[in-house]
2 protein chains.
Amino acid sequence: MAGMLLFGSVLGEARAEEKNPSPAPTPECFSAQTVRELKQLQEAALKSDYAYRQVAHLCNNIGPRLSGSAQADKAVEYVAGEMKALGLEVKLEKVMVPHWVRGEETAALVQFPGQAAETTQKIVLTALGLSVATPAEGLTADVVVVKDFDELESLGREKVAGKIVLFNHPYDKAMAAQGRSGEAYGIAVAYRGDAPVAAARFGAVAALVRSVGSADFRLPHTGTTKYLDDVPKIPAGAVTAEDADLIAYLAPQGPVRMRLVLTPQNLPEVESHNVVADLKGSTNPEQIVIVSGHLDSWDLGTGAIDDAAGVAAAMQVAQLVKQLKLKPKRTIRVIAWMNEENGLHGGKTYAAEHAAELSNHIGALETDGGAGHPLGWNMKGSRELEAFLAPVAKVLGAIGAGLLSPAEHTGADVGPMEPAGVPTFHPIQDGRTYFHYHHTAADTLDKVEPQHLAENAAVNAVLAYALANSERPLPR
Amino acid sequence: MAGMLLFGSVLGEARAEEKNPSPAPTPECFSAQTVRELKQLQEAALKSDYAYRQVAHLCNNIGPRLSGSAQADKAVEYVAGEMKALGLEVKLEKVMVPHWVRGEETAALVQFPGQAAETTQKIVLTALGLSVATPAEGLTADVVVVKDFDELESLGREKVAGKIVLFNHPYDKAMAAQGRSGEAYGIAVAYRGDAPVAAARFGAVAALVRSVGSADFRLPHTGTTKYLDDVPKIPAGAVTAEDADLIAYLAPQGPVRMRLVLTPQNLPEVESHNVVADLKGSTNPEQIVIVSGHLDSWDLGTGAIDDAAGVAAAMQVAQLVKQLKLKPKRTIRVIAWMNEENGLHGGKTYAAEHAAELSNHIGALETDGGAGHPLGWNMKGSRELEAFLAPVAKVLGAIGAGLLSPAEHTGADVGPMEPAGVPTFHPIQDGRTYFHYHHTAADTLDKVEPQHLAENAAVNAVLAYALANSERPLPR
């Protein structure tokens, strides 16, 4: 019933819009020439395989790009080189990043109801990012399964101390299937972040979570976890959905004992870089429009959808402007961020070091939701943005990407600029399958649909160029 | 166009059937009482969770059941115990089986175009069943990618000797999506079976295949490979679809060198067993109807769809007949076969040792295609089967499972009885997702939909009881 009402309401809105169509392009905001150029950019993007070739190189020739790795450095060098080759002014801006290195990660149930003598059941899992290690030979303890933090509290220290706690909180696939994968992620990811602290407070020796994601292919999802200084740091991992189900099936039947080996290392911070590449504005070079993605990735896959796709879509904005010989009035700054995944040091460092210039940052775009078909843009900033950008939305609407939605959050790396009033933007991307692959070994090139990636490059090019060439700066 | 014509033709046939409906139940074949009992069995099966609980126990409490393993023995003991508890006469019939044990299996590209210094790209793979091992420290060689056997031949010994050959032949997902997953499997699996011999003939040091299956979750599919006595035995593995794509992307750009470690062991054959459980016929106990699945599984997953589901559907036939207190005239023999996966020694041994009685084997049913919704039965035997079984098909038709199709192949384990004229049967199951999971770590309990499994138990019970209670034996 609620669904029916919602549907009716949406139809009603659509009809209202027909009667009161979007305002016509406002000459003060975007010249007819600029609108024509936006359409050229959009068309050229859809015909290009430039972005796809960038993703292929980053994923296949370089590989996983975890902060602090040789591959992350190589990717910095590669993107800088490509941007220089296009004629941009490139700076590598120093960022100190965590250097966490995955080790062995194996687990097995060594005692469980019904087992054949001298057998174990393999448990497929992965260490959570920044996790501390077990002893090299592993630890062995009984497993306690809880559905949520409340159930953990209800058990109390007596039933938890000395045990491995498994938080068996499922990712909501039904929510994701209806296009709300981000919200489904937001709910489940609380366990990935807070499990080790919550479990350690009750004396647990390790914390496991059910993988945050929608795949059912025995695929563990990694991601960063958190510690507090005043709570013992215990090893943390993510088991696959299937392994969580297995343990949850066995536990009510009798003791379930696990041997757990996780040997990651937290090494000293190392120097890395944001790649900052400027296509200088012709009349207002000091005014800056950022278009960006993050260059680091998790280490299990090759980071195609997270986030080579975002970096490539940003790189292509510069490539298209050059290809079409356009002259943006303001500077278009392509940024490949470092360390989004396990620290956000790139975004934080940039906002801190450029604090004095942020009043001249017109807007900051980031693409970090894969390469699914875009429907438009999520926006964080002034309530006037929607009206101001209506002519841009009209151009994007021709490829089904004309939605402009106010949002609480856009991109993680551009977030640190928001307190300074910089409007931020993130494309509204089809995320229905994004969390099948997110932070897994299966985040690989084949997950990027070339035509959808080209659409993301198109919406980046159109919005970035519009902000760089509007007749007056974007309202703040 | 071809699709349109086909659709028209199918509709035409359907209309013809309306005008000439199936023959009415033939009193000589099935009594009215029997038909009533078939309907009772069908209804009771759909309400029962017996089969699902069996699958859960086999997969979760026992685990993977590769021939020769302690878990396979435990499963034999478990099924025998369950059948005894139902009041069946149970024999464990000795079968000598291969004892192949998986070892370490890792691979990495150690040289490839564009790589960052001192990095490698991880390759996800699994050893093929019965594969010989690499040296313990692995072997390192250049990789040659071929699409098929023809391309291998065209390269010749000069370009293949000393190399690792990757057969990058994709599983046809479009074919599978249209319900022809078995055919898609049949085409691709030729490489899994014949790759090591084909590659070794040209001097290759190892053979890899692109995994035979439809998943894109970085999931390798195992399965048996083959050797010939007069060709060097080289190690053989299956890489994931993604890893095959990666290597195929890099190879045209320059040398791709792999370090490959596969350390499985082929141990001496060991004794294992078929579980043979008889629900004795009341008037013709010497006449036998087999209902079966195979108890062994691959070792990566827990063998839920391959083939705990088949074993459980067979077990439930006995359970339902007992529950409803029915008295079959002929003997219903539940068999849990051993060693379907890597030798078929169970099926072959049974056919050999029961050769003298096969003339009294009325029919042999096997379920080994997962637990997808059944549409009816594939049949291998006399052309008269369809007419004879029309009244049974009518009962099954009430749950959408009334198709009777002549087939070239039914179940693997019942195949060795076919030369003796035993009619064999395999349910027509929805296999559209079967090869996502088949022979992988993701063949786990959650892949079994309880209601679909109950439907498979229902069609087994209806057909087996019909064959056991027909007024005259099934035509041969």
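The values are calculated or read from the model by the stated rules, or taken from the named source; none is laboratory data. Since we're looking at a predicted model, the values are computed, not measured. Don't worry about glycine lacking a Cβ; one is built from the backbone with ideal geometry, like all the others, and counts go over all protein chains shown. Just so you know, the surface numbers come from the protein's heavy atoms only, side chains and all, with ligands and any DNA or RNA stripped out. Shrake-Rupley method; radii C 1.70, N 1.55, O 1.52, S 1.80 Å.
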Task: Filter pass, A:F217 being at pLDDT 95 or above, in contact with a Phe, Trp or Tyr (Cβ under 8 Å, 6 or more places away or on another chain) and more than 25 Å from A:E340 (Cα to Cα) - done: yes
- [ ] Look at B:K327 and say whether it is farther than 23 Å from B:V97 by Cβ and open to solvent by 10 Å² or more (accessible area, probe 1.4 Å).
- [x] yes
TODO: Pull up segment A:217-235, narrow it to residues that are closer than 29 Å to B:Y437 by Cα and in contact with a helix residue (DSSP H, G or I) (Cβ under 6 Å, 6 or more places away or on another chain), then point me to the one that is farthest from the other protein chains (Cβ to nearest Cβ).
DONE: A:G223
Open item on the list: Test of understanding: among B:A464, B:A442, which residue is crowded, with 24+ Cβ neighbours inside 10 Å, in contact with a helix residue (DSSP H, G or I) (Cβ under 9 Å, 6 or more places away or on another chain) and farther than 16 Å from B:P328 by Cβ?
Closed with: B:A442
TODO: Scan segment B:59-100 for residues that are of a type in the set (S, T, Y) and away from chain A (no Cβ under 12 Å) and report the count.
DONE: 1
Open item on the list: Just the residues that are open to solvent by 50 Å² or more (accessible area, probe 1.4 Å), hydrophobic (A, V, I, L, M, F, W, C) and assigned to a loop (DSSP other than H, G, I, E, B), please, taken from segment B:90-129.
Closed with: B:A117
Open item on the list: Condition first: surrounded by 15 or more Cβ atoms within 10 Å (Cβ to Cβ) and among the charged types (D, E, K, R). Now tell me which residues in segment A:261-293 satisfy that.
Closed with: A:E269, A:D278, A:K280
- [ ] Tally the residues that are within 23 Å of B:H354 (Cβ to Cβ) and of a type in the set (S, T, N, Q), restricting the search to segment B:407-437.
- [x] 2
Open item on the list: List the residue pairs whose Cβ atoms are under 6 Å apart, where the first residue sits in segment B:101-120 and is touching a residue at least 12 places away in the same chain (Cβ under 8 Å) and within 8 Å of chain A (Cβ to nearest Cβ), the second is open to solvent by less than 30 Å² (accessible area, probe 1.4 Å) and part of a loop (DSSP other than H, G, I, E, B), and the two are 6 or more positions apart or on different chains.
Closed with: B:F112/B:V256; B:P113/B:G254
Open item on the list: Please verify whether A:G369 is in contact (Cβ under 8 Å) with a residue 24 or more places away in the chain, farther than 30 Å from B:R218 by Cα and either within 15 Å of the chain's Cα centre (by Cα) or not in a strand (DSSP E or B) (or both), treating the condition exactly as stated.
Closed with: no
- [ ] For segment A:394-410, state whether one or more residues are free of Cβ contacts under 8 Å to residues at least 60 places away in the same chain and part of a helix (DSSP H, G or I).
- [x] yes
- [ ] Check off (1) more than 13 Å from B:A238 (Cβ to Cβ); (2) within 23 Å of the chain's Cα centre (by Cα) for B:Y191 and give me the number that stays unchecked.
- [x] (1)
- [ ] Answer yes or no: is there a residue in segment B:123-142 that is over 22 Å from B:F435 (Cβ atoms), of a type in the set (D, E) and more than 14 Å from chain A (Cβ to nearest Cβ).
- [x] yes
Task: Residues located in segment B:400-426, provided they are closer than 25 Å to B:L300 by Cβ and crowded, with 21+ Cβ neighbours inside 10 Å - done: B:G411, B:D413, B:H426
Open item on the list: I'd like the full set of residues that are surrounded by fewer than 19 Cβ atoms within 10 Å (Cβ to Cβ) and either touching a strand residue (DSSP E or B) at 6+ places or on another chain (Cβ under 6 Å) or within 11 Å of B:G114 (Cβ to Cβ) (or both), limited to segment B:244-254.
Closed with: B:A248, B:A251, B:Q253, B:G254
TODO: Identify all residues within segment A:266-289 that are farther than 20 Å from A:E77 by Cα, out of contact with any helix residue (DSSP H, G or I) (no Cβ under 8 Å at 6 or more places or on another chain) and not hydroxyl-bearing (S, T, Y); write none if there are none.
DONE: A:N266, A:L267, A:P268, A:K280, A:N284, A:P285
- [ ] May I ask you to list the residues in segment A:61-83 that are outside any loop (DSSP other than H, G, I, E, B), more than 14 Å from B:Q115 (Cα to Cα) and touching a residue at least 12 places away in the same chain (Cβ under 8 Å)?
- [x] A:V79, A:A80, A:E82, A:M83
Task: Hits in segment A:49-58 - residues which are open to solvent by less than 10 Å² (accessible area, probe 1.4 Å) and within 8 Å of chain B (Cβ to nearest Cβ) - done: A:A56
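Residue by residue, here is whether (1) open to solvent by less than 40 Å² (accessible area, probe 1.4 Å); (2) of a type in the set (A, V, I, L, M, F, W, C); (3) on the phi > 0 side of the Ramachandran plot holds:
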| residue | (1), (2), (3) |
| --- | --- |
| B:D307 | yes, no, no |
| B:I332 | yes, yes, no |
| B:D368 | yes, no, no |
| B:L375 | no, yes, no |
Open item on the list: What's the number of the only condition in (1) modelled with pLDDT of 95 or more; (2) under 30 Å from B:A238 (Cα atoms) that B:A390 fails to meet?
Closed with: (2)
Open item on the list: Quick check on my filter: what residues within segment B:154-186 are without any contact (Cβ under 8 Å) to a residue 12 or more places away in the chain and of a type outside the set (A, V, I, L, M)?
Closed with: B:S154, B:E158, B:Q178, B:R180, B:E183, B:G186
- [ ] Could you tell me which numbered condition A:R432 fails, if it satisfies all but one of (1) in a helix (DSSP H, G or I); (2) surrounded by fewer than 23 Cβ atoms within 10 Å (Cβ to Cβ)?
- [x] (1)
Open item on the list: Restricting to segment A:342-355, give me the number of residues that are among the acidic types (D, E) and open to solvent by less than 20 Å² (accessible area, probe 1.4 Å).
Closed with: 0
- [ ] Consider B:F425 carefully, then state whether it is under 28 Å from B:D172 (Cα atoms), within 14 Å of chain A (Cβ to nearest Cβ) and not in a loop (DSSP other than H, G, I, E, B).
- [x] no
TODO: Take segment A:67-89 and flag every residue that is open to solvent by 10 Å² or more (accessible area, probe 1.4 Å) and either touching a Ser or Thr at 6+ places or on another chain (Cβ under 6 Å) or closer than 20 Å to A:E340 by Cβ (or both).
DONE: A:G68, A:S69, A:A70, A:Q71, A:D73, A:K74, A:E77, A:Y78, A:E82
TODO: Would you mind telling me which numbered condition in (1) more than 14 Å from chain A (Cβ to nearest Cβ); (2) open to solvent by less than 10 Å² (accessible area, probe 1.4 Å); (3) closer than 20 Å to B:V334 by Cβ B:V448 fails?
DONE: (1)
